[in-house]
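Here the structure is laid out as structure tokens; the discussion comes afterwards.
The values are calculated or read from the model by the stated rules, or taken from the named source; none is laboratory data. Note that the structure is a prediction, hence the values are computed from the model and not measured. Note: ideal-geometry Cβ built from the backbone for every residue, glycine included; neighbour counts use all protein chains shown.
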Amino acid sequence: MAVMRTFFYIISCIALIGCGGGDGGLSQDGPSDPTTPEPITISLSLSSTEEVSKDSPVDVIATVKQGNAPVSGKSVTFSLDLTDDEIAYFDGNGVSATNSDGIAKVTLYAGTSEGGGEISASLSTGEESEPIGFNSAGDGNVVTGPQVSEILLYASNQQLSSSGAQGVLLTAIAKNSNNVLLSGIDISFVSQPSGSILIPSSEDGVPSSTTNANGQATAILTTVGNPENRTIVVTASNGDISDDVNVYVVGTEVQLTGSSSLALDDASSFSINVLDSDSRGVADVEVALTLANTPTGGVASLELPASVTTDAQGKAFVNVTGRTGGTNAIIATALGATASKNVSVQADSFTFTRFNNGDGQDVDPSAGTDTPDVLLSDTATVTLDWKRSGAPVADGTKVEFSTTRGSLASSSGVIANGQVSASLTSSDAGKAIVTFTGTDDNVEISNQLEFEFIAETVERIVAQASPNSIGPDEQTSTISVVARDANGNLVKNKTIVFNLSDVTGGSIFPAEAVTDSNGSASTVYTSNTVSAQDGIEISATVKDQPSVTDTVTMTVADRELFIAVGTGNEIEDNDTTYTKRFVAFVTDADSNPVVGQKVTVSSVPDAYYKGRWVPFFVGGEFQVWTTAGESGAAHAASAHDRDTATYLQDTPPIRCNNEDINLDGILDPGEDTNNSGTLTPGNVISSLLTVTVEDDNTVPVEAVTDSEGKVLIDLVYAQSYGSWVDINLIVSAKVAGTESHVMTTYTLPNSADDVNDEDISPPTASIGMSGPFGEHFSCDGIQ
């Protein structure tokens with residue numbers, strides 16, 4: 001041994017001599033680059049060195065570092081090397097992401113075979129740990145795959161349009177007892193009542209109801225073929241573990257129009273329209289007809305059929321005859337929607353019999369015919385017949401006029417040969433309600449007629465693409481156009497021609513669209529393959545004014561990110577505000593969670609409602625406070641009559657579009673539809689916060705996804721806005737210059753506790769039961 005020590009000493013001296021004198025030899029390459037990053041390392045440990053048994057599972061802990069610094073957000077794959085697959089197993093898919101301390105862990109359970117094995121861990125970037133050994137007692141359960149301890153179910157929207165044109169994305173997340181996401185789990189989706197569940201399959205044939213590497217299973221809920229307004233309860237389950245979420249089918253409405261004044265023993269025709277959420281008529285629907293029989297004065301006896309059936313256009317007509325004097329309300333009910341019409345029966349008949357739009361169209365409104373639009377350059381003439389006991393009232397009887405829009409040639413007129421007429425003009429476009437009120441022999445009677453003034457010449461159009469960047473393979477973007485005249489009025493009934501310039505094979509449909517009352521028309525672009533930046537051009541041109549045009553550009557790019565937004569049934573009820581939580585998942589093209597991704601969240605009002613709160617009874621028993629339209633004001637008192645009120649759902653609240661049409665937050669000409677001097681409804685979300693998973697602290701609206709690729713979003717709003725505002729929740733993320741985004745439209749809800757007590761009124765913004773934006777059945781005023 002001494003000889004060996006001497007030998008190594010001599011060799012060491014020779015090496016030292018060789019290194020001295022000058023900078024040749026080994027030093028030619030110079031010092032190492034100080035900017036070279038430290039290597040990433042991964043190490044393994046066990047929470048216990050004891051044998052793994054049924055009663056003593058072991059946590060396998062991986063620590064990922066770069067130098068001495070922990071690395072978060074790294075996906076770690078744990079692997080087992082066993083001589084017998086029944087020796088042990090992981091409760092999960094063996095994949096876990098590192099936390100802020102650089103630690104990821106899974107739990108190892110004993111199987112049914114005694115023996116030993118080795119565990120190793122690796123990163124997607126190639127780094128691997130040294131294996132670590134363990135022993136299993138073999139007294140565990142049969143290895144049957146991951147054990148599900150929790151399922152979380154989210155819906156991309158808790159409201160589903162009754163037309164069936166859209167679906168709701170259902171996302172179920174499966175976890176084990178350690179909150180590890182589980183892959184390969186079969187999830188059963190069930191809907192009650194009468195919802196349709198669609199489960200697509202991936203390219204490799206795996207159904208979307210089987211959880212992916214992100215622990216997510218998906219399905220699509222639709223209401224094709226059943227436009228009834230209703231609540232669908234969707235349940236996602238695996239074995240005895242389940243979660244459910246409510247989805248509300250909305251949008252179907254019943255419209256009931258006719259005279260509010262019936263002459264004794266005279267039949268009057270009322271028209272009924274049953275429309276789905278896309279305003280398309282619903283054919284072959286039975287509409288039940290009943291009477292409220294609970295007026296504030298004498299009850300009028302009305303003769304009418306028990307039901308009618310809609311035709312191919314969703315329309316039906318019913319003749320109503322007043323047999324005794326007084327007042328009453330006709331109630332039409334179909335597909336979960338209800339409309340009511342107040343009528344009075346007396347010796348007087350006070351009926352609009354002629355409407356002339358000044359452009360050659362002349363109709364009789366009493367026959368149920370729609371009133372034609374009136375150009376701003378024309379004068380509308382409205383004529384009313386006033387009879388008593390079948391004979392015209394005396395000539396010279398005064399009738400007063402009023403209108404919600406435009407100007408009257410005179411504020412009153414007198415009866416001549418049983419008729420009186422009023423002329424109206426307007427310099428701004430929009431709906432108008434003209435009211436005639438007559439007083440004779442201490443009897444006051446009135447009637448209203450609605451029509452619309454429209455602009456006729458387009459000065460400019462503005463086209464927008466939403467979104468302006470989409471992925472290939474039949475992704476879609478909506479191209480919308482808003483048309484205005486020189487005074488900023490929205491222009492209705494103009495045909496917009498859309499033209500596509502696209503070398504990638506995309507398409508648009510329809511090629512033409514007609515502007516609505518909001519001056520809006522749209523088409524949908526469907527992608528094919530990837531384009532150059534701004535390589536898609538879509539022009540919009542007014543057909544009869546080809547010089548008025550606008551163009552938008554779009555990009556079709558491979559999407560790097562995919563975003564899914566969902567929510568559950570819960571709502572947090574604070575003293576004066578509600579908090580509604582949503583969750584947004586961000587995944588890559590392989591459905592893996594994207595950790596540390598910056599996400600932007602915003603909310604934009606889509607519409608608001610006008611009406612009031614009324615109590616809802618069934619069989620004399622209070623059920624819930626519900627929102628109703630203007631006729632709710634007339635019936636609110638009668639609805640409290642438990643002995644007679646069985647089912648009284650008044651005309652639904654009127655839905656008014658967000659006045660900020662171009663979403664710039666600026667009150668532009670023509671946007672102040674209700675003449676309030678401000679944009680309605682404005683920004684009703686008082687706070688928009690995202691919540692981190694680790695410490696539950698609130699952070700700004702630009703958030704970062706956690707280790708599961710998600711962010712939690714809290715919408716905070718005043719309780720008085722609950723049920724009265726629709727908002728668009730928009731979540732977007734950008735990577736490599738390409739933006740992905742998703743939008744869901746949502747009616748701000750109320751807490752059930754605030755609407756389920758008859759003795760406690762729902763939250764309101766002012767004295768009384770009116771909604772925060774008024775209750776009159778028109779978007780043109782603030783009342």
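Sort through Gln158, Gln166 and tell me the only one that's under 30 Å from Asp726 (Cα atoms), assigned by TED's automatic domain parsing to the domain that holds Asn226 and modelled with pLDDT under 85.
Matching residue, one of Gln158, Gln166: Gln166.
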Practice item. Just give me the residues in the stretch 486-524 being within 19 Å of Asp780 (Cα to Cα) and over 29 Å from the mean Cα position of the chain (by Cα), in sequence order. Key: Asn487, Gly488
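For the stretch 730-776, which positions are among the hydroxyl-bearing types (Ser, Thr, Tyr) and in a strand (DSSP E or B)? Write out each step before concluding.
So in the stretch 730-776, the residues among the hydroxyl-bearing types (Ser, Thr, Tyr) come out as 732, 738, 740, 744-747, 751, 761, 764, 766, 770.
Within the stretch 730-776, Ser732, Thr738, Ser740, Thr744, Thr745, Tyr746, Thr747, Ser770 meet the criteria.
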Check your understanding: Within the stretch 526-574, can you find the residues that are more than 30 Å from Asp753 (Cα to Cα), in contact with a Lys or Arg (Cβ under 9 Å, 6 or more places away or on another chain), acidic (Asp, Glu) and assigned to a strand (DSSP E or B)?
Key -> Asp550
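Yes or no: Thr112 closer than 29 Å to Ser48 by Cα, touching a residue at least 60 places away in the same chain (Cβ under 8 Å), part of a loop (DSSP other than H, G, I, E, B) and assigned by TED's automatic domain parsing to the domain that holds Ser48?
Against the criterion (closer than 29 Å to Ser48 by Cα, touching a residue at least 60 places away in the same chain (Cβ under 8 Å), part of a loop (DSSP other than H, G, I, E, B) and assigned by TED's automatic domain parsing to the domain that holds Ser48), Thr112 does not qualify.
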Study note, to complete from the structure: In the stretch 527-571, anything without any contact (Cβ under 8 Å) to a residue 24 or more places away in the chain and closer than 24 Å to Lys710 by Cα is listed as Glu570
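Given the criteria within 23 Å of Val586 (Cα to Cα), in a strand (DSSP E or B) and under 42 Å from the mean Cα position of the chain (by Cα), does Ala62 qualify? Walk me through it before giving the result.
Values: within 23 Å of Val586 (Cα to Cα): no; in a strand (DSSP E or B): yes; under 42 Å from the mean Cα position of the chain (by Cα): yes.
Answer is no for this residue.
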Check your understanding: Right, Asn499: assigned to a loop (DSSP other than H, G, I, E, B), of a type in the set (S, T, N, Q) and surrounded by fewer than 15 Cβ atoms within 10 Å (Cβ to Cβ) or not?
Key -> no
Practice item. Just give me the residues in the stretch 472-496 being at pLDDT below 90, touching a strand residue (DSSP E or B) at 6+ places or on another chain (Cβ under 7 Å) and surrounded by fewer than 19 Cβ atoms within 10 Å (Cβ to Cβ), in sequence order. Key: Pro472, Glu474, Thr476, Thr478
Exercise for review: Could you list all residues from the stretch 324-374 that are surrounded by 19 or more Cβ atoms within 10 Å (Cβ to Cβ), touching an Asp or Glu at 6+ places or on another chain (Cβ under 6 Å) and under 30 Å from Lys494 (Cβ atoms)?
Suggested key: Asn356, Asp373
**Study point:** Filtered residues of the stretch 410-430 (kept if under 20 Å from Ser260 (Cα atoms) and in a strand (DSSP E or B))
**Key:** Gln419, Val420, Ser421, Ala422
Practice item. Please indicate, with yes or no, whether at least one residue in the stretch 212-233 is of a type outside the set (D, E, K, R) and without any contact (Cβ under 8 Å) to a residue 12 or more places away in the chain. Key: no
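Answer with yes or no whether Thr680 is outside any strand (DSSP E or B), surrounded by 14 or more Cβ atoms within 10 Å (Cβ to Cβ) and either at pLDDT 85 or above or under 19 Å from the mean Cα position of the chain (by Cα) (or both).
On the way: outside any strand (DSSP E or B): yes; surrounded by 14 or more Cβ atoms within 10 Å (Cβ to Cβ): yes; either at pLDDT 85 or above or under 19 Å from the mean Cα position of the chain (by Cα) (or both): yes.
It is true that Thr680 is outside any strand (DSSP E or B), surrounded by 14 or more Cβ atoms within 10 Å (Cβ to Cβ) and either at pLDDT 85 or above or under 19 Å from the mean Cα position of the chain (by Cα) (or both).
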Practice item. Specify the residue that is surrounded by the most Cβ atoms within 10 Å (Cβ to Cβ); the eligible residues are those in the stretch 505-524 that are closer than 15 Å to Ser477 by Cα and β-branched (Val, Ile, Thr). Key: Thr523
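Residue-by-condition table, conditions (1) surrounded by fewer than 21 Cβ atoms within 10 Å (Cβ to Cβ); (2) not polar (S, T, N, Q):
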position	(1), (2)
Ser402	yes, no
Ser423	yes, no
Val443	yes, yes
Glu456	yes, yes
Ile461	no, yes
Ala465	yes, yes
Study note, to complete from the structure: Counting only residues that are surrounded by fewer than 19 Cβ atoms within 10 Å (Cβ to Cβ), of a type in the set (Val, Ile, Thr) and touching a Phe, Trp or Tyr at 6+ places or on another chain (Cβ under 9 Å), the stretch 115-143 contains a total of 1
